Amino acid sequence: MYMEAVSLTKKYGNFYALRDLNVKFEGAKCIGYLGPNGAGKTTTLKLFTNLLNPTSGEAIINGYNVKKELKKALKDVGTLIETPGFYSYLTPVELLNMLCEIRMANKCDVKNALEEVGMYEWKDKKVGKFSKGMKQRIAIAAALVTNPEILILDEPTTGMDPRGMAEIRQVIKNLKKEKRMILMSSHLLPEVTEVCDEVAMINRGKLLLYESIDKLSEKFRGNSVVVTSMNEIDEQKIMNLEGVKSVEKLSDTKIKIDFEDGAEMQYRILSELITMGIKVVDYRASGMALEKAYLQMIGGETNE
Amino acid sequence: MSDLKQMWIMTKYQFKNYMRAKRLYILLLITSLVIALIVSVNVYFGNPSEEDIKSTASSFANFSEILVVLTALFFGGDAIAGEYQNKTGYFLLPNPIRRYVIYWGKYLASLLASLIVLLFYLISGMLYTFYFHGTIPSEYLYSMLYSFVFLVSLLAFTYLFSTFFKNGAVALTIVAILYFFVFNIIDGVSQIASVEPWFSITYASGIITLVFQGSYMGDYPHSQVIHAGKGLTITAYNPYLWEGVAIMLGYFVISAIIGTLIFQRKEMK
């Protein structure tokens, strides 16, 4: 299974929403699609789901051009684009059945899809009365109901409370175990770090980076750690340790250490701290690799 | 084959939505009130059993033109625009289903709902005529047929406008203005300019009632010059029966082609 963009371009007047995108997502994995507002994330997903027409280039799914061979291309693809509206007079069961029928799906499990998103008890209520979060859950159930091998999810946890977000992340993690490809756009870097295997970054319609999270973590690993101890820490003693560049006291029991490059050095400092009798209860890199990569590649800019 | 099956599925769910939204019942209720009004007025102020049978039958046919417009607006006005306005397009469109299948599946549901209302009305008219005269004139059956052709074409025309806009209310209002004002103005100006308005659907739909005129079907003047004083003459045109049908079918074919092509390319931005 794969999705491929070949010189994919979308232009509105003189504005490029997406410019010459060339990328191939392949295999059972979760790919986080990141970028600021207006970067071209949703445009890409809409081009792959026949909601937009490309100005030039091709969106290809499993070898089929989405524009030319729509039925074959989207046959085994579940989608969630923005927060869709639903026919308000239908119930979740009717909506999902409608989708199964339209998709002419062999593998259709309405009950399981509704249970996965915690909406089974609402199965016979009319959707028109649902809150935004509930509609989002139904939208995710709609993406899952035919058990597709590829899932295209546009900010799937939008509009959900923290519990709902955690539940949906778990659903996505479970889907990964079932050997599916998930392309998921998100603003939430911790979410992508937690759920995805690879990350693609886009800004101003151009792809900036496509890398595995592991490689990215290696590349953008920080050279500072935050240490939390049960007892008071004497930062002067730590300053004298080999490889330590600076120490910042954050509180009596918490310090931030900047050190010379390398994972080996990070480990040696931890060993020394324990040898010095400091009761370390937390020792973690300051800031996420993904966040650093994001800020370095994109900065704090938005395109709105 | 699978396209036809998907079209039927679209029709089924769109029709279900009409039922649940009570649109169909509301229009049936309005139609019942109109029937009650026509019967009451005719019986109270006249004597249907003593009047000409064609006159009795045409009293029902007169309103069927308006009823067709109402049903087309009720069931077609927001059928496509609503997908964009209510964002249901995000649910429906990213699926392995061709756009034309969605378009025509919805159209068939609208046609079916409209037909139920129209047949309810026209069959009531048949029963009314039969009650007072013991028979139904063949002109009434032709008028029914022309009403059906008008419905098919006006609904396609309404769907065309529904693809132009992303707001159902706007689409609906534009079609209503077009039908009730713009086409009537065009018909009026054409009469003054002595140009036959062969391009107007309201002109064509006139055959629904014209069929009752004269001693046999089609027995009416195609044009009549009327002197309106001070050198002003206007020409009143009546479409031939075949001409009316041809114009309406023309509207259907052109609206169907353009509407389908637009929806095929329309983006969900």
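Residues that are surrounded by 23 or more Cβ atoms within 10 Å (Cβ to Cβ), more than 30 Å from A:THR43 (Cβ to Cβ) and in contact with a Lys or Arg (Cβ under 8 Å, 6 or more places away or on another chain): does the stretch B:97-108 have at least one? Within the stretch B:97-108 (the criterion being surrounded by 23 or more Cβ atoms within 10 Å (Cβ to Cβ), more than 30 Å from A:THR43 (Cβ to Cβ) and in contact with a Lys or Arg (Cβ under 8 Å, 6 or more places away or on another chain)), the answer is no, since none of the residues qualifies. Being surrounded by 14 or more Cβ atoms within 10 Å (Cβ to Cβ) and either more than 14 Å from chain A (Cβ to nearest Cβ) or free of Cβ contacts under 8 Å to residues at least 60 places away in the same chain (or both) holds for only one residue in B:PHE252, B:PHE263, and it is B:PHE252.
Every condition in (1) surrounded by 14 or more Cβ atoms within 10 Å (Cβ to Cβ); (2) closer than 26 Å to A:GLU101 by Cα is met by B:PHE74 except one, and the failing one is (2). On the stretch given as the stretch B:108-151, residues that are among the polar types (S, T, N, Q) and over 12 Å from the mean Cα position of the chain (by Cα) total 5.
For B:ASP78, the conditions (1) within 14 Å of chain A (Cβ to nearest Cβ); (2) under 28 Å from A:ALA105 (Cβ atoms) all hold with the exception of (2).
The residues on offer are A:THR44, A:THR9, A:THR49, and the sole one that is among the β-branched types (Val, Ile, Thr) and either within 19 Å of A:LEU144 (Cα to Cα) or not assigned by TED's automatic domain parsing to the domain that holds A:GLN136 (or both) is A:THR49.
Taking the criterion of being among the charged types (D, E, K, R) and in contact with a Ser or Thr (Cβ under 6 Å, 6 or more places away or on another chain), the only residue of the stretch A:21-69 that qualifies is A:LYS41. When B:GLY125 is tested against the conditions (1) surrounded by fewer than 23 Cβ atoms within 10 Å (Cβ to Cβ); (2) more than 12 Å from every other protein chain (Cβ to nearest Cβ), the lone failure is (1). Got at least one residue in the stretch A:69-77 being surrounded by fewer than 17 Cβ atoms within 10 Å (Cβ to Cβ) and either away from chain B (no Cβ under 13 Å) or part of a loop (DSSP other than H, G, I, E, B) (or both)? Yes - at least one qualifying residue is present in the stretch A:69-77.
Does A:GLY128 satisfy being surrounded by fewer than 18 Cβ atoms within 10 Å (Cβ to Cβ), modelled with pLDDT under 90 and within 12 Å of another protein chain (Cβ to nearest Cβ)? Please lay out each step first, then the result.
Numbers: surrounded by fewer than 18 Cβ atoms within 10 Å (Cβ to Cβ): yes; modelled with pLDDT under 90: yes; within 12 Å of another protein chain (Cβ to nearest Cβ): yes.
Yes: the conditions hold for A:GLY128.
Would you point out which residue out of A:ILE152, A:ILE138, A:ILE168, A:ILE172 is touching a Leu at 6+ places or on another chain (Cβ under 6 Å) and at negative phi? Let's see the steps before the verdict.
Numbers: A:ILE138 fails: touching a Leu at 6+ places or on another chain (Cβ under 6 Å); A:ILE168 fails: touching a Leu at 6+ places or on another chain (Cβ under 6 Å); A:ILE172 fails: touching a Leu at 6+ places or on another chain (Cβ under 6 Å).
Selected residue: A:ILE152, the only one of A:ILE152, A:ILE138, A:ILE168, A:ILE172 that is touching a Leu at 6+ places or on another chain (Cβ under 6 Å) and at negative phi.
If you scan the stretch A:78-94, which residues turn out to be closer than 22 Å to A:GLU155 by Cα and either touching a Leu at 6+ places or on another chain (Cβ under 9 Å) or crowded, with 21+ Cβ neighbours inside 10 Å (or both)? Can you show your working first?
Pass one, the stretch A:78-94, residues closer than 22 Å to A:GLU155 by Cα: A:78-87, A:92.
Of everything in the stretch A:78-94, those that are closer than 22 Å to A:GLU155 by Cα and either touching a Leu at 6+ places or on another chain (Cβ under 9 Å) or crowded, with 21+ Cβ neighbours inside 10 Å (or both) turn out to be A:GLY78, A:THR79, A:LEU80, A:ILE81, A:PRO84, A:GLY85, A:PHE86, A:TYR87, A:PRO92.
Residue count for the stretch B:5-63 under the criterion of being within 14 Å of chain A (Cβ to nearest Cβ) and among the polar types (S, T, N, Q): the result is 4. Would you say A:THR42 is over 29 Å from B:ALA21 (Cα atoms) and under 19 Å from the mean Cα position of the chain (by Cα)? Taking the combined requirement at face value, the residue satisfies it.
Take the stretch A:89-108 and flag every residue that is part of a loop (DSSP other than H, G, I, E, B) and more than 8 Å from every other protein chain (Cβ to nearest Cβ). Walk me through it before giving the result.
To start, the set of residues in the stretch A:89-108 that are part of a loop (DSSP other than H, G, I, E, B) comprises A:89-91, A:104-108.
A:THR91, A:ALA105, A:ASN106, A:LYS107, A:CYS108 - these are the residues of the stretch A:89-108 that are part of a loop (DSSP other than H, G, I, E, B) and more than 8 Å from every other protein chain (Cβ to nearest Cβ).
Please pick out the residue among A:ALA39, A:ALA28 that is assigned by TED's automatic domain parsing to the domain that holds A:ASN174, closer than 24 Å to A:CYS196 by Cα, in contact (Cβ under 8 Å) with a residue 12 or more places away in the chain and surrounded by fewer than 22 Cβ atoms within 10 Å (Cβ to Cβ). Only one candidate passes the filter, namely A:ALA28.
Can you tell me which residue within the stretch A:119-138, out of those that are within 21 Å of the chain's Cα centre (by Cα) and touching a residue at least 24 places away in the same chain (Cβ under 8 Å), is nearest to B:SER2 (Cα to Cα)? Spell out the reasoning first.
From the stretch A:119-138, those within 21 Å of the chain's Cα centre (by Cα) are A:132-138; that's our starting set.
From what's left, touching a residue at least 24 places away in the same chain (Cβ under 8 Å): A:132-133, A:135-138.
Details: A:LYS132: 34, A:GLY133: 34, A:LYS135: 30, A:GLN136: 30, A:ARG137: 30, A:ILE138: 26 Å.
Within the stretch A:119-138, the match that is nearest to B:SER2 (Cα to Cα) is A:ILE138.
Given the residues A:ARG180, A:ARG163, which is the only one that is farther than 15 Å from A:LEU34 by Cβ and surrounded by 17 or more Cβ atoms within 10 Å (Cβ to Cβ)? After applying the criteria, what remains is A:ARG180.
Looking across the stretch B:84-106, the residues that are more than 7 Å from every other protein chain (Cβ to nearest Cβ) and touching a residue at least 24 places away in the same chain (Cβ under 8 Å) come down to B:TYR84, B:GLN85, B:GLY89, B:ARG99, B:TYR100, B:VAL101, B:ILE102, B:TYR103, B:TRP104, B:GLY105, B:LYS106.
Give the residue, chosen from B:SER194, B:SER215, that is of a type in the set (Gly, Ala, Ser), touching a residue at least 40 places away in the same chain (Cβ under 8 Å) and over 30 Å from B:ARG265 (Cβ atoms). Break it down stepwise before answering.
On the way: B:SER215 fails: touching a residue at least 40 places away in the same chain (Cβ under 8 Å).
Testing whether each residue is of a type in the set (Gly, Ala, Ser), touching a residue at least 40 places away in the same chain (Cβ under 8 Å) and over 30 Å from B:ARG265 (Cβ atoms) leaves just B:SER194.
The values are calculated or read from the model by the stated rules, or taken from the named source; none is laboratory data. Nothing here was measured: the structure is a model prediction, and the numbers come from that model. Reconstructed Cβ throughout: ideal geometry from the backbone, glycine too, with neighbour counts over all protein chains shown.
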